[in-house]
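One structure is given here, and the rest of the page talks about it.
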Amino acid sequence: MSLPRWLPARRPDHLYYGAPRDEARTRYRLLWAGAALVVVVLAGTAGYWLIGQGRWPIEDCAYIVFITITTVGYGEILPLGQSPHGRLFTMGLLAAGMGVSLYFLSSLTAFIVEGDLREAIWRRRMQSRLAKLKGHFIVCGTGRTGRCVVEELVRAGRDVVVIDADEEALDRLVGHFGDRVLAIRGDSTEEAVLYEAGVEQAAGLVAALALDRENLFICLTARGMNPSLRIVSRGVEDRAEAKLKQAGADVVICPTTIGGRRMAHDLLRPNVVGFLDLVGLDEQRKLTLEEVAIGAHSPLVGLKLVNSRIREVSNALVLGVVEAAGRRPSYNPPVDFEFAAGMTLIVLGESDAIERLTRYVQGS
């Protein structure tokens, strides 16, 4: 696919694909190699000092250790031949010191070279995955709101691309989620960055930046690039909701307002809130709310609810039906409600029950 005329023909230099910091094993090996080298130096210095029975300066003892294990060979600055164990100790020190030195140098080289190579391979793989993504979700911003969104999407098994200007925040995010997320460092308000994140093939986008004007610009830009994209935006101020929707947001969420309502409901209806938490915040996904679309070839088309066998097949509870996009759902449909293609079921049930219902509705 060629780039649109209003985008640069090459990838911007500021884009950064976050790589996982998985060089811990190499760093651990380097640490042990350095510790072994220090032990050899200290042991060799102490050995020469004991062989000389304290007559040789400690500086000279350390110096001969270094020139021995590095194979420089400036000569014996200490009279090793006068001691019965001097040269024998030196041969043992030479064998051990060379082995430890080579191990340390190889570990240091691996730490430097493998790290750069791993980073390059990782970024190339991320670019390849980005190019193949379709129907994924883009999250702009890695603050507390954005991180919660990413966690929920990852838990649902969706492909997620995260955009943020803070490289350290992206590193922490990728360090936590691994390759389950793709991270791009850049300005989410720029067309080139959104294009790199695959906004034209994405299913949805979340604008979760701290400022309303930045989220507004994201909505406006993303809507122009993908008219069918579902956009959910964070709204800091109440008056920004109308503007964000005009800019292209399908839904505007105000965390402050929702948080206040939640606190009030927790005071007035604690049991109801507890049940909703069980449904929405259960990490084990034992009970969940889900939507199931009825396709044109679904066996439910033309059937009434009483004859649908939904409870028999899955034991899931049909809470409502959305008859068309943009319309309010019909809650608690009657038993003579007739299903048609294009409708969407709102169901409550355990995860395996929802999966069985989905397969049944899809005719599989």
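Observations on the structure shown:
- Straight-distance candidates among the lysines for linking to K132, with alpha-carbon spacing under 26 Å and chain neighbours fewer than 8 residues away dropped, are absent.
- Long-range amide H partners of A183 with built H, under 5 Å: G18, V162
- For the peptides 51-58, 225-232, the ranking by mean Cβ contacts within 10 Å, running from highest to lowest, is 225-232, 51-58.
- Protection proxy ranking, peptides 128-139, 261-272, average beta carbon neighbours within 10 Å, highest first: 128-139, 261-272
- Loop-located GluC sites (Glu not before Pro) in the range 227-318 (DSSP state not H, G, I, E or B) with no more than 15 neighbouring Cβ atoms inside 10 Å: E237, E283.
- Under 5 Å, built H, 5+ apart or other chain: amide partners of G320: N332, I346
- Put the Cα centre of the range 229-259 next to the Cα centre of the range 312-364 and the gap is 28 Å.
- Compactness of the range 286-362 - radius of gyration and Dmax, Cα, Å: 11.2, 31
- Evaluated on the range 213-265, the Kirkwood hydrodynamic radius is 11.4 Å, with distances taken between all distinct Cα atoms.
Every number here is computed from the coordinates shown, using simple stated rules; none is lab data. Keep in mind that this is a model prediction, so the values were computed, not measured. Please note: Cβ atoms are built from the backbone with ideal geometry, for glycine as well, and neighbour counts cover all protein chains shown.
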